[in-house]
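Input: a single structure, listed below in structure tokens.
The values are calculated or read from the model by the stated rules, or taken from the named source; none is laboratory data. Here the structure is a predicted model, which means the values were calculated and not measured. Note that we place each Cβ from the backbone using ideal geometry, even for glycine, and neighbour counts take in every protein chain shown. Just the protein is used for accessible areas: all its heavy atoms, side chains included, with ligands, DNA and RNA removed. Shrake-Rupley method; radii C 1.70, N 1.55, O 1.52, S 1.80 Å.
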Amino acid sequence: MATRPGQRDLTTGPIGPTLLAFALPTLFSNVLQSLNGSINAIWIGRFLGEGALAATSNANIIMFLTFGAVFGFGMAGTILIGQSWGRRDVEGARRVFGSAIGLVVGAAIVVAALGWVFAPDILAALKTPGDALPQAQIYLRVIFLGLPASMITVLIFMGLRGTGDSLTPLWFMGLSVLLDGGLNPLLIAGIGPFPRMGIAGSATATLIANVVSVVAIAVYVHLRDLPLRLKGHELRYLLPQASLVRLIVSKGVPMGAQMIVLSVAGLAMMGLVNRQGVATVAAYGITFQLWAYIQMPALAIGAAVSSMAAQNIGAGKWHRVAEVTRSGLVYNVVMTGVLVAAVMLFDRPVLGLFVREDSPAIPIAAHISLLSTWSFILFGATMVLFGVVRANGSVWGPLAILFVALFPVRLGFALALAPVLGADALWWAFPLGSAANLLLAAAYYRYGPWRQGRMAVPPESEQETAAVKEPAGALKPVA
């Protein structure tokens with residue numbers, strides 16, 4: 001099958017170099033997205049103050065939970081697209097893409113309307129501070145307006161990666177970041193011909209960036225005739241097919257639930273940290289900022305491994321799936337390990353970027369980093385293993401493992417040992433939870449039933465099922 005610029009056939013050629021070349025654009029996209037959030041926070045903080053920052057923080061929690069569902073549906077679509085692409089079923093890949101877009105757009109419009117109406121109630125339920133409530137309401141309502149465009153963009157990005165193209169999403173993520181970061185100060189402060197909109201200006205900048213980006217990438221996909229373009233009779237694929245919707249939802253909900261489990265566990269840990277005093281809370285906040293960047297290689301490699309494994313499962317090349325796993329584990333140790341070592345060696349200067357050099361939070365943050373940061377190497381290995389088993393549609397096992405590692409193990413240890421170890425129980429809980437997560441994931445990868453699963457695209461007409469041959473993805477793996 002012919003490939004286009006930026007697109008890779010993940011079922012042929014050397015596995016290690018191909019995986020790395022595929023993962024790096026995803027890593028850079030993640031970095032750009034995080035930098036965009038940091039830059040916008042700087043603009044809001046400098047122009048509007050701490051109250052506005054608190055307002056956006058509360059609104060962003062809501063949007064993170066909302067995007068958890070999109071992540072799940074997007075991952076399910078990516079895997080189905082990857083398997084279809086691996087077995088050279090272009091029409092199947094397009095049908096999955098169309099159903100995913102139709103499903104999510106319909107849901108996003110409903111959620112956006114409800115979010116606009118119930119924004120005050122949502123913020124009140126979160127106990128948003130009273131002085132931040134009016135700004136948070138304005139910001140959240142505008143962000144909800146942009147929800148359909150941002151969700152479509154995410155789905156297009158993930159779908160393209162399923163076909164082996166991780167470069168195109170990088171370019172359009174860059175476009176979105178440039179627009180969002182550039183328009184933020186102009187619309188917040190009313191610079192030049194732009195109106196002074198305050199916090200609504202920051203949300204409006206994000207809205208404009210999302211709309212322009214989704215239109216631009218849709219036009220690009222169509223003009224370049226990329227694999228997921230829909231035209232002519234294929235536009236009917238945007239009307240979700242019932243069998244595909246059932247498959248996407250059944251696999252997407254557990255994957256989205258993983259994001260919710262992570263969020264709830266993070267909020268619970270934050271509640272425990274809040275008991276340790278202001279300096280410790282500040283130190284944890286600083287360290288958490290660093291962790292957001294340290295985990296990026298692991299997330300990018302995990303996503304790349306999932307797409308690559310899905311294509312090879314679709315092609316029936318199970319021997320390559322095992323090699324993809326090994327290469328992903330090696331790259332994680334190298335890339336995440338380098339970042340961990342850099343943070344450990346230069347912790348004081350890096351931490352000093354966030355607070356004054358004489359801040360009491362710096363030695364606490366350095367101590368937290370010493371005890372916990374290295375555990376992200378274990379976290380990365382788990383992301384690789386989860387990425388592989390999810391590539392064949394196994395989603396409940398990783399969800400159960402994640403729940404056990406975060407709640408009975410991590411939070412249980414922190415609560416049980418806090419009277420003995422004090423705050424150190426919280427910091428040691430991170431590597432302990434990560435170790436449990438990795439051990440359970442490795443056991444599931446080695447002994448679990450995920451290889452016998454099947455995640456095939458159903459025929460366009462469900463009455464044709466009996467006439468369709470078993471796809472290559474259902475072949476038994478090599479022992």
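Using alpha carbons only, the radius of gyration of the range 244-321 set against its Kirkwood radius gives Rg/Rh = 1.16.
In whole percent, what relative contact order does the chain give with Cα contacts below 8 Å and a gap of six or more residues? Can you show the working numbers first?
Values: 708 pairs, mean separation 103.4, N = 479.
About 22 percent, as a whole number.
For the chain, which whole-number percentage of the solvent-accessible area (1.4 Å probe, protein heavy atoms only) is attributable to carbon and sulfur atoms? So the carbon and sulfur contribution to the accessible surface is 70 percent.
What area, in nm² and to one decimal, does the C-alpha convex hull of the range 343-389 cast on average over all directions? Write out the running numbers ahead of the final one.
Details: hull surface 15.1 nm².
If I average the Cα hull's projected area over directions, I get 3.8 nm².
So between Val333 and Val404, what do we pick up on full extension, going 0.36 nm a residue minus the alpha carbon distance?
On the way: separation 71, 0.36 × 71 = 25.56 nm, distance 2.39 nm.
My answer for the length gained is 23.2 nm.
Across the range 21-113 the C-alpha pair distances fall into 5 Å bins from zero in the proportions 3, 11, 13, 16, 17, 16, 11, 7, 4, 2, 1 percent.
Which value, in debye to the nearest 20, describes the size of the charge dipole of the chain about its Cα centre when Lys and Arg Cβ atoms bear +1, Asp and Glu Cβ atoms bear -1, and nothing else is charged? Don't skip to the end; give the middle numbers.
Values: 30 positive and 19 negative charges, 183 e Å.
Roughly 880 debye, rounded to the nearest 20.
Phi angles across the range 366-378 convert, under the Karplus curve 6.51 cos²θ - 1.76 cosθ + 1.60 with θ = phi - 60°, into 3J(HN,Hα) values of 4, 5, 4, 4, 4, 7, 10, 4, 4, 5, 5, 5, 5 Hz, Gly and Pro given as x. Backbone amide hydrogens, once placed in the peptide plane, bring Asp165 within less than 5 Å of Arg8, excluding anything fewer than 5 places away on its chain.
When 1/r is averaged over all different Cα pairs and the result inverted, which Kirkwood radius in Å belongs to the range 247-292?
Averaging 1/r across every pair of different Cα atoms and inverting gives 12.3 Å.
If R0 is taken as 22 Å, the Cβ-Cβ distance between Tyr447 and His319 corresponds to a FRET efficiency of 0.70.
Between the beta carbons of Val249 and Val281, assuming R0 = 41 Å, the FRET efficiency works out to 0.60 to the nearest 0.05.
Per 0.36 nm of contour for each residue apart, how much would the distance between Ile42 and Arg196 grow if the chain were fully extended, relative to their Cα-Cα spacing?
Numbers: separation 154, 0.36 × 154 = 55.44 nm, distance 1.74 nm.
Taking 0.36 nm per residue and subtracting the Cα distance, the gain is 53.7 nm.
Given R₀ = 25 Å, FRET efficiency for Leu415-Leu370 by Cβ-Cβ distance, to 0.05? Write down the numbers at each step before the final one.
Values: r = 22 Å, r/R0 = 0.89.
So, using R0 = 25 Å, E works out to roughly 0.65.
Projected label points at Arg236 and Ala341, each 7 Å from Cα along the beta carbon direction, are separated by 5.8 nanometres.
His233 contributes about 110 Å² of solvent-accessible surface, heavy atoms of the protein only, 1.4 Å probe. Could you check how many percent of all C-alpha pairs in the range 214-348 are farther apart than 24 Å? Cα-Cα pairs in the range 214-348 separated by more than 24 Å: 60 percent. Projecting the alpha carbon convex hull of the chain along each direction and taking the average yields 23.3 nm². Using a cutoff of 8 angstrom between alpha carbon atoms and counting only pairs six or more residues apart, the relative contact order for the range 259-381 works out to 37 percent. Taking 0.36 nm per residue of separation and subtracting the Cα-Cα distance, full extension of the segment from Leu439 to Thr12 would add 150.6 nm.
What does the convex hull of the alpha-carbon atoms of the range 312-424 project to on average, in nm²? Computing the convex hull of the Cα atoms and averaging its projections yields 9.2 nm². Legend: Rg and Dmax of the range 17-172, from Cα coordinates, 18.0, 57 Å.
Could you do me a favour and compute the accessible area per residue for the chain, 1.4 Å probe, result in Å²?
Values: 20260 Å² over 479 residues.
About 42 Å² of surface per residue is accessible.
The accessible area of Asp225, taken with all protein chains in place and a 1.4 Å probe, comes to roughly 50 Å². Taking 7 Å along the Cα-to-C-beta vector as the label spot, tell me the Arg224-Val90 distance in nanometres, rounded to one decimal. Roughly 1.6 nm, to one decimal. Calculated on the alpha-carbon coordinates, the convex hull of the range 278-324 measures out at 64 cubic angstrom per residue.
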